[in-house]
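The values are calculated or read from the model by the stated rules, or taken from the named source; none is laboratory data. Everything numeric here is computed off the predicted structure, so don't read it as measured data. Neighbour counts run over all protein chains shown; Cβ positions are idealised from the backbone, glycine included. The protein model used for the area step is the full one, side chains on, heavy atoms only, and it has no ligands, DNA or RNA in it. Shrake-Rupley method; radii C 1.70, N 1.55, O 1.52, S 1.80 Å.
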Amino acid sequence: MAGAGGDTPQQGDGPGKAAPKATLLPEEPPQEQALGRSAEELRQEDRLSVCSKLCYAIGGAPNQVATSATAFFLQIYLLDIAHITPFHASLVLFIGKAWGAVTDPVAGFFISKSKWTKIGRLMPWMLGCTPFMIVSYFFMWYLPPFVAGRVVWYLTFYCLFQALTTLFQVPYSALTMFLSPDQKERDSATAYRMTVEVLGTLMGAALHGQIVASAHASDHCTVNLTIHAADSSSSLSNASNLAGSLGLQSHGRELYMIAAGVIGGVYLFGILILFIGVKERDDPYALNSDKAIPFFKGLRLTMKHGPYLKLTASFLLISTAIQLEQSNFVLFCTHAASLHNHFQYLVVTILVSAAVSIPFWQWFLQQFGKKSAACGISWMIPFAVMLVTIPNLVLAYVVAFVSGLSIAASLLLPWSMLPDVVDHFRLLNPHAKGPETIFYASYVFFTKMSAGIGLGISTASLEFAGYKTGMCRQSSTVILTLKILIGAVPAILIVIGLSILLFYPITEKSRKETEFALELLRRSHRSTDNLSENEEDTWL
């Protein structure tokens with residue numbers, strides 16, 4: 001009988017000897033009767049209330065609110081409000097994402113060394129970083145009175161925000177493993193989390209978009225064109241036009257600061273709900289004799305774990321494609337499709353579609369498997385290509401709706417599959433205590449790094465294409481570049497990512513076998529508490 005992930009377990013030497021861990025795998029699919037009354041009692045303890053799942057989900061929503069606003073609007077803010085060149089904007093976006101990625105393993109290292117407290121091991125990190133995260137987020141949208149040092153200003157606060165986001169996101173993501181050891185409960189909590197996070201993404205884009213919409217409306221283009229048309233007229237006219245341009249900039253600055261203040265208040269609400277409504281459990285699988293796995297040893301083992309490598313490589317490419325769509329969508333609507341008066345409604349359409357489709361994808365992956373649900377990510381490809389070739393308002397809304405369906409699948413699947421990878425690793429390394437933080441920290445690291453590279457290349461491409469800050473009419477080269485960034489590049493990345501996912505080895509059958517084996521391991525804790533600390537570990 002093949003074990004979880006395709007490994008073949010070896011049988012024990014006899015009833016008088018300690019059986020290797022591989023005997024935990026059943027020769028038959030697990031039956032409820034085989035677990036007995038004590039297992040049913042354990043299941044009751046492992047179940048999560050709807051209130052707990054909602055509180056857990058709401059706790060992560062503010063981070064998605066801020067991330068959504070940043071993904072959709074930071075690039076156009078830097079270009080059209082702060083008047084930073086595309087090259088400098090690309091530096092800010094790339095270095096900020098790269099810095100956030102670098103801080104992921106650092107955060108994972110320190111979090112893995114944390115001691116258990118009265119409120120848990122992960123909760124203190126989330127509580128402690130939230131106030132500083134709010135401050136850094138606000139100043140990231142503040143337009144300083146000086147011009148020469150604006151690049152340094154935005155780079156500093158964007159890097160700081162990315163680092164603090166990491167200190168929140170790593171423990172929050174890893175908290176999934178410490179809510180319950182039951183896979184169904186974790187999957188359910190993940191579905192709640194993704195639904196609320198997509199709603200948070202919707203809220204961020206809607207709030208931010210509606211507040212700052214007038215800063216990018218058509219009247220801005222009218223004034224802008226007037227300024228450039230009168231550029232060669234009298235000095236009095238030039239001074240008047242300059243005053244009009246500065247007035248538009250001041251108006252946009254005030255709107256962006258209001259939006260930042262509103263989202264900062266959402267952070268306070270979310271962390272309060274998370275702290276009140278979620279109870280963090282200590283490692284439910286670790287034996288009393290187990291020692292925490294050293295961070296760098298765990299990182300080496302993580303990088304050698306086949307299912308994790310395939311899952312990460314696949315969704316690195318897919319998440320980069322989604323990030324490119326998000327960051328360039330507003331620019332595309334404004335400059336390449338003449339939809340600048342509709343972009344906020346198109347963004348809302350994308351996110352509403354994503355939010356309402358999360359329950360559908362949760363049902364789909366339960367019925368047909370998680371790998372099968374990945375097909376939904378590819379739905380956005382033909383529609384995005386159609387929008388690029390035939391820019392039309394009705395088609396734009398169709399593309400927005402279908403893109404929302406694909407984005408929902410791309411958000412739900414990796415966070416639903418990653419706990420299965422951690423369980424698989426746990427079964428192969430039953431005495432490795434605390435690998436969850438390492439897995440989540442390294443996954444967030446690779447995701448941010450790929451997104452940073454993608455955004456850096458994207459914005460640098462606009463620089464080379466001749467993008468002019470503050471201009472409403474861009475050259476044909478810029479328009480072609482935006483079409484490539486919206487259509488061709490994401491399509492290629494998604495196709496390659498899904499091709500890698502075909503080789504992901506954890507099936508629904510092996511996942512259930514792993515769950516049953518870990519359930520038996522939990523039940524055996526009482527009889528293994530006296531294991532010697534120096535006992536040599538065994539492998540499947």
Item checked: Model label zone, residue 213; criterion: amide N under 13 Å from point 7 Å along Cα-to-beta-carbon; scope the range 331-359 -> 340-349
Margin query: Under the rule a/c < 1.5 gives rounded, and otherwise a/b versus b/c splits prolate from oblate, where does the range 351-459 land using the Cα gyration tensor?
Written below: oblate
Margin query: If you take every residue apart from residue 71 with its C-beta less than 15 Å away from the C-beta of residue 71, what net charge results, scoring Lys and Arg +1 and Asp and Glu -1?
Written below: 0
Notebook entry, point to check: Name the chymotrypsin sites (Phe, Trp or Tyr not before Pro) in the range 446-508 that are in a loop by DSSP and that have at most 13 other C-beta atoms within 10 Å, would you?
Noted result: 503
Notebook entry, point to check: Thinking of the range 48-197 as a set of Cα atoms, what percent of all their pairs are more than 23 Å apart?
Noted result: 44
Checklist line | Summed side-chain charge close to residue 455 - residues other than residue 455 whose Cβ falls under 12 Å, Lys, Arg +1, Asp, Glu -1 | finding: +1
Check: For residue 47, what accessible area in Å² do you get when you roll a 1.4 Å probe over the heavy atoms of the protein chains, rounding to the nearest 10?
Finding: 120
Margin query: Could you order the peptides 370-383, 76-89, 403-416, 268-281 from most to least packed, using the average number of other C-beta atoms within 10 Å per residue?
Written below: 403-416, 76-89, 370-383, 268-281
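Can you figure out the FRET efficiency of residue 262 with residue 49, using R₀ = 25 Å and their beta-carbon distance, to the nearest 0.05?
0.25
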Checklist line | Accessible area in the full protein assembly, largest first, 1.4 Å probe, for 133, 203, 449 | finding: 203, 449, 133
Check: Short version: what are the Cα gyration tensor semi-axes of the range 270-415, square root of 5 times each eigenvalue, largest first, in whole Å?
Finding: 37, 19, 16
Check: From the Cα gyration tensor of the range 102-141, with a ≥ b ≥ c the square roots of its eigenvalues, which class applies: rounded if a/c is under 1.5, or else prolate if a/b is larger than b/c, or else oblate?
Finding: oblate
Item checked: Within-12-Å neighbourhood charge of residue 439 [Cβ basis; K, R +1; D, E -1] -> -3
Item checked: Accessible surface ranking that places the most exposed of 119, 350 first, with a 1.4 angstrom probe -> 119, 350
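Multiply the residue gap between residue 119 and residue 152 by 0.36 nm, knock off their C-alpha separation, and tell me the result in nm, one decimal place.
So the chain would gain 8.1 nm between residue 119 and residue 152.
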Check: Which of the pairs 304/509; 53/304; 53/115; 115/297; 113/371; 115/310 have their Cα atoms more than 28 Å apart in this structure?
Finding: 53/304; 113/371; 115/310
Next item on the list: Set the Förster distance to 25 Å, then compute FRET efficiency between residue 309 and residue 338 from the Cβ-Cβ distance, nearest 0.05.
Entry: 0.05
Check: For the range 418-468, with the dipole built from +1 on Lys and Arg beta-carbon atoms and -1 on Asp and Glu ones, taken about the Cα centre, which of 461, 440, 428 lies farthest toward the positive end?
Finding: 461
